[in-house]
Every structure is written in structure tokens, then in C-alpha cells.
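These notes concern the structure reproduced below.
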Amino acid sequence: MLAPSRAYARTPLGVRCFSTTGLKETLAGLIPKKQEAWKKMKADHGDKIIDTVTLDQCMGGARSVKCMVWETSLLDAQEGIRFRGYTIPELQELLPTYSGITKDEPLPEGLLWLLLTGEIPTKAQVDTVTKDLNDRAKLPPHVEPLIRSMPKDMHPMTQFSMAVLAMQTDSIFAKKYHEGAPKSQYWEFVYEDSMNLLARLPEVAALIYRCKYHDGVIGKKDPSLDYAANFNRMLGYSDSPSFDELMRLYITIHSDHEGGNASAHATHLVGSTLSDPYLAFSGGLNALAGPLHGLANQEVLGWILDLQKTFKERNKEVNEETIREFAWETLNSGKVIPGYGHAVLRKTDPRYTCQREFALKHLPNDDLFKIVETMYQVMPGVLTEHGKTKNPYPNVDSHSGVLLTHYGFHEHEYYTVLFGVGRAFGVLSQLFWDRALGLPLERPKSVTPEWIEKFFKDNPNGLKM
């Protein structure tokens with residue numbers, strides 16, 4: 001087991017929160033302590049330098065610039081993601097499962113408790129979150145007709161963003177803000193909006209799926225089931241306990257990846273204007289819909305399916321030699337190998353690793369998994385030899401589409417909607433703390449090319465620290 005990260009305060013490993021207090025009450029007790037800690041940190045260290053910025057970073061998307069605070073997760077280039085200080089294997093060990101069996105996948109409701117509070121919840125506490133989300137799940141009456149009216153050829157992410165915006169009519173935060181509520185109460189209204197939004201996303205997403213690809217009829221929810229399993233029921237998948245396990249894992253590992261990625265940053269940025277959670281999360285979804293962000297998983301699956309088709313046409317077997325040949329053929333044609341590399345990571349993405357372990361357990365003989373597994377053995381060496389990538393290892397997108405396809409989920413362009421449902425858990429948890437801690441409007445400084453030219457004319461070697 002990995003040692004706890006020194007860069008992230010957290011509940012001691014294995015220590016659960018045995019309080020019987022509900023989630024909102026637990027947060028109400030944490031906020032004053034957290035507010036005092038923030039005030040002290042700023043008073044003690046507010047004028048101290050924690051990073052510098054090069055021109056390459058300024059012109060290159062602010063890559064790796066430390067300029068925002070994110071409560072819920074931290075990404076290390078060598079280790080991967082930690083959620084409130086816990087690695088994915090630790091979450092799989094410590095968070096409650098639906099069956100009660102430790103080796104099963106963690107419940108997303110338990111992760112939500114952890115992201116919001118920093119504490120590992122008990123199964124009883126997770127059950128209260130599940131019930132609360134079930135009780136909040138009723139859609140505003142105009143949302144379903146809106147979804148059913150959308151053109152069949154409209155991208156599901158466009159529909160998803162529009163449906164989230166349509167639910168904004170129910171925003172408690174927007175209503176209370178316009179009534180003049182004090183800042184000290186903002187967190188309560190953002191909490192209510194966020195929980196309502198999380199509760200309603202599965203039905204919204206299921207309606208989009210069933211209307212666009214099937215008969216428009218969503219499956220019935222079962223009050224005895226958890227968030228992920230009921231999502232599957234509404235999608236129309238009701239006969240596979242292992243697919244329920246996959247959806248629990250999928251939502252968990254896609255929930256958060258610190259604050260600098262496009263969907264997280266967009267949600268945070270829009271929220272910093274005091275837009276309500278519906279408006280902020282829609283902004284995040286629009287970022288997630290981009291080909292360089294959330295659409296990557298379907299592009300990876302498309303590449304794998306093309307590889308499978310090409311091999312069948314050429315009567316080639318899938319083995320390390322043939323995969324290596326195909327990889328070089330792809331690279332020499334000027335194309336990239338999708339699903340490998342990451343903006344921050346320099347090792348195999350732990351989100352890939354847990355999906356690989358899931359496949360080894362549940363679908364070891366799947367044809368597409370065999371391709372992915374062979375790629376995993378071959379591709380890092382090929383990409384290292386090729387020499388044009390800083391990280392030759394697979395990322396989360398390299399595996400997720402293959403797992404979904406195994407269970408008959410073939411609508412590739414919809415996969416990003418599933419990503420969006422998961423991402424809501426992380427970004428809305430952070431949005432809650434943005435308001436609880438009174439984080440200000442985000443407003444970085446921009447410069448013109450002319451300013452840069454003049455700056456280096458006056459300072460040829462840049463700033464001296």
C-alpha cells in the first residue's frame with residue numbers, strides 16, 4: 001500500500017467517521033474550522049511565492065502553473081490521483097460497497113461523502129446519502145418534454161448541457177441570492193442545489209440515451225439499489241451485477257482529477273462569478289465535450305476497433321509482434337497512438353490500472369480487452385523508442401470504452417455523458433467549498449504579444465528571483 005501523501009492532510013488510513021450525524025450537519029460542523037484554517041494560512045503565508053511562470057507556460061495553456069486551490073484531489077506526476085489523500089486502491093479498500101464485500105467496487109455516494117468532508121464514511125452514512133439522492137431525484141416538469149423534443153442528430157453532450165441549464169429554474173441559490181441572503185449562508189444553498197443536481201443527473205442522462213438511441217422509455221428505478229445501479233436500470237441495463245460494479249467504478253474514477261483540467265476549471269471559473277451550480281456545471285460539461293478532454297475515450301475505442309478490423313482483413317493474429325508493427329505503421333504515417341500520454345502524469349494512470357484489474361476479473365477473454373492488454377505490454381516501449389512523448393504510458397481513456405463495449409454499450413458518442421455524470425461528484429463538491437470558504441472571483445492577468453516583446457527588451461533574462 002502506498003504511503004500517505006505528505007502534501008495532503010487526510011483522515012488516518014482506515015479510520016472511519018463513526019458519527020451518526022448526516023452529511024449536511026457534518027459539513028456545518030466542519031466549515032468554521034476550515035474557515036479559520038484558511039484565514040490563518042493566508043495571514044501567515046499570503047505574500048510568499050509558491051511558483052514562478054515562464055513564457056512557455058504563459059503561451060502554453062498555463063500548464064503546471066500553481067495558481068488555484070482545490071480541496072478534493074491532488075494529482076502527482078509519478079503517483080497519480082489522490083482523492084482527499086487516498087489513492088484509488090485505498091478507496092477500493094476503505095469505501096463501503098453495495099454488497100459489503102471489500103473486494104467489490106466502492107459506492108459513488110461514499111466517495112461524495114469523502115470529497116465533501118474528508119472523512120471515510122460508514123455504510124450507514126452512505127445509505128443516508130443514497131436515500132437523500134433518491135428523494136431529490138424528481139425532475140422539473142418541463143425538462144423531460146425538452147429532452148424529448150431535441151433533434152435525434154444533436155450530440156448527447158449538447159443535450160446534456162441544455163438539460164442541466166433547463167433545471168436551473170429550480171436553483172435555490174439563485175433565488176436566495178436575489179432575495180439578499182448573506183454570504184455566510186451561501187454554502188447551504190449551493191449544497192441544496194448540488195445535491196439536487198447530482199440526484200437528477202442519472203434520469204436526465206438516461207432520457208437522453210433512451211430517446212436518442214432507443215425507444216424513449218427509461219427503466220424503472222429500484223429504491224433498494226444505489227446510485228450507479230439505478231442509473232443502469234434507467235439506461236436499460238438490468239441483468240448484470242458486474243456491469244453495476246463497472247458503473248460504480250466508472251463514476252468513482254471519473255469524479256475528480258484536481259482543479260486544472262478543463263471541465264473542473266470551467267465549473268470553478270463560472271461558479272466564481274456566483275453563478276449557481278446548474279450554470280457552473282453546464283460550463284464544465286461544455287468543456288468536457290471538447291475532443292481534447294472528454295471525447296478522448298471514444299476516439300481511443302474507435303482506434304482499437306479500426307485495429308481489430310484491419311487485423312481481420314489482413315488475417316493477422318493479435319500478439320506483441322503484430323501490435324508493434326501496427327503501432328509503428330500508425331506513427332510513421334504521422335498519426336498518434338490515442339490513449340497514451342497525459343498532460344501531468346509520467347507513469348501509468350492508476351485509473352487505467354484499476355480498469356485493467358476489473359477486466360482481468362470480469363472479462364479476461366474479451367477480444368477487445370486482449371488487444372488493449374497486448375498494447376499495454378508493447379506500446380510504452382514503442383513510444384519510448386519513438387521519442388516524441390514525455391509519458392509513454394496509458395491513461396484512463398485507453399480502457400474505459402472497451403469495458404463499456406463488453407456489456408453491449410456501443411453508443412460511443414454517449415460515453416462522454418457517462419464521464420459527465422461522474423465528474424459532477426468532484427466539481428460540485430469543490431463548488432460547495434468555494435462558497436463555504438468565500439473564494440473570490442477568478443481573474444488572472446493576461447498580456448499582449450507587444451507587452452511580452454517590450455518586457456524582454458527591458459528584461460532580457462526575465463525576472464530575477
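Structural remarks
- Gyration tensor verdict on the range 307-465 (Cα atoms; rounded if a/c is under 1.5, prolate if a/b is larger than b/c, oblate otherwise): oblate
- Multiplying the residue separation of residue 446 and residue 239 by 0.36 nm and subtracting their alpha-carbon distance yields 69.2 nm.
- For the range 348-358, 3J(HN,Hα) per residue [Karplus equation, 6.51 cos²θ - 1.76 cosθ + 1.60, θ = phi - 60°, Hz, x = Gly/Pro]: 4, 4, x, 6, 5, 4, 5, 5, 4, 5, 4
- When 158, 416 are compared by accessible surface with a 1.4 Å probe, the order from highest to lowest is 158, 416.
- When +1 charges are put on Lys and Arg Cβ atoms and -1 charges on Asp and Glu Cβ atoms, the dipole computed for the range 148-293 relative to its Cα centre reaches about 380 debye.
- Both numbers refer to the Cα atoms of the range 155-269; Rg and Dmax are 16.4, 50 Å.
- Using the empirical formula 2.2 N^0.38 Å as the baseline, the Cα radius of gyration of the range 94-150 reaches a ratio of 1.49.
- Per atom type, the range 251-410 shows carbon and sulfur on 50% of its accessible surface, probed at 1.4 Å.
- The residues neighbouring residue 199, those whose beta-carbon lies less than 12 Å from its own, together hold a net charge of -2 under the Lys/Arg +1, Asp/Glu -1 convention.
- Distance (nanometres) between label positions extended 7 Å along Cα→Cβ at residue 325 and residue 312: 1.9
- Structural size metrics of the range 257-378, computed from C-alpha coordinates, are Rg and Dmax of 18.1, 59 Å.
- In plain terms, the bigger the Kirkwood radius, the slower the diffusion; for the range 78-188, with that radius from Cα pairs, at 25 °C and 0.890 mPa s, Stokes-Einstein puts D at 142 µm²/s.
- Point-to-point label distance, residue 30-residue 63, nm (Cα→Cβ direction, 7 Å offset): 3.4
- Gyration tensor (alpha-carbon) shape descriptor, the range 134-213, a/c threshold 1.5: prolate
- Selection among 99, 30, 43 by position relative to the dipole of the range 22-119 gives 43 as farthest towards the positive end (Cβ unit charges, Cα centre).
- Area accessible to solvent at residue 69, 1.4 Å probe radius, in Å²: 80
- Cα-based shape type of the range 35-86, given that a ≥ b ≥ c are square roots of the gyration tensor eigenvalues and the cut on a/c is 1.5: oblate
- Difference of contour (0.36 nm per residue) and Cα-Cα distance, residue 343 to residue 367: 5.7 nm
- Counted by Cβ distance under 13 Å from residue 437, the other residues give a net charge of +4, where Lys and Arg count +1 and Asp and Glu count -1.
- Estimated from helices alone, the mean residue ellipticity of the chain at 222 nm is -18000 deg cm²/dmol (sum of -39500 (n - 2.57) over DSSP H runs with n ≥ 4, per residue).
- Value of Rg to Rh for the chain, rounded to two decimals, is 0.97; Kirkwood radius and Rg both from alpha-carbon coordinates.
- Number of Lys pairs (Cα under 18 Å; 8 or more positions apart or on different chains) in the range 334-465: 7
- Between residue 152 and residue 222, the C-beta separation translates, for a Förster distance of 30 Å, into a calculated FRET efficiency of about 0.55.
- Probe 1.4 Å, accessible area per residue of the chain, Å²: 47
- Using a probe radius of 1.4 angstrom, the carbon and sulfur fraction of the accessible surface of the range 39-117 is 57%.
- 10 Å-binned pair-distance histogram of the range 389-451 (Cα, whole percent): 14, 25, 24, 27, 8, 1
- Taking the 1.4 Å solvent-accessible surface of the range 129-193 as the whole, the part contributed by carbon and sulfur is 57%.
- Net charge of Cβ neighbours under 14 Å - reference residue 331; Lys, Arg +1; Asp, Glu -1: 0
- Here the calculated FRET efficiency for residue 185 and residue 131, from their Cβ-Cβ distance with R0 = 25 Å, stands at 0.50, rounded to the nearest 0.05.
- Overall, the ratio between the Cα radius of gyration of the range 204-282 and 2.2 N^0.38 Å, rounded to two decimals, is 1.34.
- Solvent-accessible surface ranking, highest first, for 357, 258 at 1.4 angstrom: 357, 258
- When the GluC sites (Glu not before Pro) in the range 93-184 are filtered for DSSP coil states and for at most 13 other beta-carbon atoms within 10 Å of their beta-carbon, the remaining sites are 179.
The values are calculated or read from the model by the stated rules, or taken from the named source; none is laboratory data. Computed from a predicted model, the values in this text were never measured in an experiment. Please note: Cβ atoms are built from the backbone with ideal geometry, for glycine as well, and neighbour counts cover all protein chains shown. Side chains are part of the model used for accessible areas, which takes the heavy atoms of the whole protein and leaves out ligands, DNA and RNA. Shrake-Rupley method; radii C 1.70, N 1.55, O 1.52, S 1.80 Å.
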